[in-house]
1. Could you check the range 240-263 and list, in sequence order, the residues that are modelled with pLDDT of 90 or more and either in contact with a Leu (Cβ under 9 Å, 6 or more places away or on another chain) or hydrophobic (A, V, I, L, M, F, W, C) (or both)?
2. Can you work out which of the residues in the range 65-92 that are over 15 Å from the mean Cα position of the chain (by Cα) and surrounded by 17 or more Cβ atoms within 10 Å (Cβ to Cβ) is nearest to Val196 (Cα to Cα)?
3. Hey, any hits in the range 95-112 for a residue that's surrounded by 15 or more Cβ atoms within 10 Å (Cβ to Cβ), over 17 Å from Thr46 (Cβ atoms), hydroxyl-bearing (Ser, Thr, Tyr) and touching a residue at least 12 places away in the same chain (Cβ under 8 Å)?
Amino acid sequence: MGYNLIFLRLINLSTLVAILTATYSACLAQVFQDSVSGHDYRIEVTFNKTTNLIFNSAIVSVDRGSRDVLAQHASKAENVLQVKAGRKGFEETNLSVITAAGNLYNIIVEYKDNPMFLNWLIGYHYNPTVSFSDEQNAWGPYVNLATGAEQNIASLKTNAYGITLSVTGIYTDGERVIARMKLTNRSPIDYHAKAVNFFVRDIHATKRTAFQQLTIMPLHLRPSGPIEVEHGRSIVIVAVLPKFPMAKVRKLWIEFIEEKGGRLLRLAVPYRVIMRANRF
């Protein structure tokens, strides 16, 4: 009887091990299935600027291939990873990032003195949004107000490649700046913006200038996913920006970058326009 009981226990233990092994293998297979084409990225980082990686869901784990890459979670944003170079000219390395959605991303990191992009949408084909806390989501009403407000800027626009980028309103609550923009596509080809950058830059920046450029991460951006403008159509974009240092010698720059480094749109908002912002 005792031998039979031991035998049954051994069988049960073997069965349990087999089940656990099969489950673990299935999980690994799913992870690697999710990490195939579309989940591998290549980014460029530099020493004196921050590159922002915006994932489609909250970040669970980050592993750096080298100490030469510095990475940290953005404050109050669960799905934004801020990356920069720990030293100049480091050898190519990688980041491994796992998100709450169960996706594993392998990101090749290369050093460049002047990266082409500073903001990246990772997994953007899954309709990402920046996952802010409840406090940050409170800016939604400000976006609604800015969307319906009257235009308070006469003419601030740029035209390139058949695309017109215009700023049609600047508003504030005293602590934040809300910018309303409009993209109009008169070209025969649809426009797909992969990244939207905001930065403050000195008008005459030199190497001797203490302040040259500051990248600004929006608190809220609508639409939150990739911005697509079909031929012959227009779209309104509203950005809620944190308070940033301004002076007469500085401008707020807005930059739209098309997928695969295509059509670049860049527009400067002068100091005087920011100072005339309508207050909510």
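The values are calculated or read from the model by the stated rules, or taken from the named source; none is laboratory data. As the structure is a computational prediction, the values presented were derived from the model and not from experiment. For neighbour counting, all protein chains shown are included, and Cβ atoms are generated from backbone atoms with ideal geometry for every residue, glycine included.
1. Start the filter on the range 240-263 by keeping residues that are modelled with pLDDT of 90 or more, which leaves 251-256.
Once the filter is applied, which keeps residues that are modelled with pLDDT of 90 or more and either in contact with a Leu (Cβ under 9 Å, 6 or more places away or on another chain) or hydrophobic (A, V, I, L, M, F, W, C) (or both), the range 240-263 yields Leu252, Trp253, Ile254, Glu255, Phe256.
2. Ala85
3. Yes: the range 95-112 contains one or more residues that are surrounded by 15 or more Cβ atoms within 10 Å (Cβ to Cβ), over 17 Å from Thr46 (Cβ atoms), hydroxyl-bearing (Ser, Thr, Tyr) and touching a residue at least 12 places away in the same chain (Cβ under 8 Å).
Residues are listed down the side, and each one gets a yes or a no for (1) part of a strand (DSSP E or B); (2) within 24 Å of His220 (Cα to Cα); (3) basic (Lys, Arg); (4) out of contact with any helix residue (DSSP H, G or I) (no Cβ under 9 Å at 6 or more places or on another chain):
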{"residue": "Lys49", "(1), (2), (3), (4)": "no, yes, yes, yes"}
{"residue": "Ile54", "(1), (2), (3), (4)": "yes, yes, no, no"}
{"residue": "Ser66", "(1), (2), (3), (4)": "no, no, no, yes"}
{"residue": "Gln72", "(1), (2), (3), (4)": "yes, yes, no, yes"}
{"residue": "Gly89", "(1), (2), (3), (4)": "no, no, no, yes"}
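A quick yes/no check of all residues on (1) at pLDDT below 75; (2) more than 27 Å from Glu228 (Cα to Cα):
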residue: Gln82; (1), (2): no, no
residue: Ala100; (1), (2): no, no
residue: Asp113; (1), (2): no, yes
residue: Tyr124; (1), (2): yes, no
residue: Gln151; (1), (2): yes, no
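For every residue, the table says whether it meets (1) assigned by TED's automatic domain parsing to the domain that holds Asn56; (2) modelled with pLDDT of 80 or more; (3) at positive phi; (4) surrounded by fewer than 14 Cβ atoms within 10 Å (Cβ to Cβ).
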{"residue": "Lys157", "(1), (2), (3), (4)": "no, yes, no, no"}
{"residue": "Ile170", "(1), (2), (3), (4)": "no, yes, no, no"}
{"residue": "Glu175", "(1), (2), (3), (4)": "no, yes, no, yes"}
{"residue": "Ala179", "(1), (2), (3), (4)": "no, yes, no, no"}
{"residue": "Ile189", "(1), (2), (3), (4)": "no, yes, no, no"}
{"residue": "Thr215", "(1), (2), (3), (4)": "no, no, no, no"}
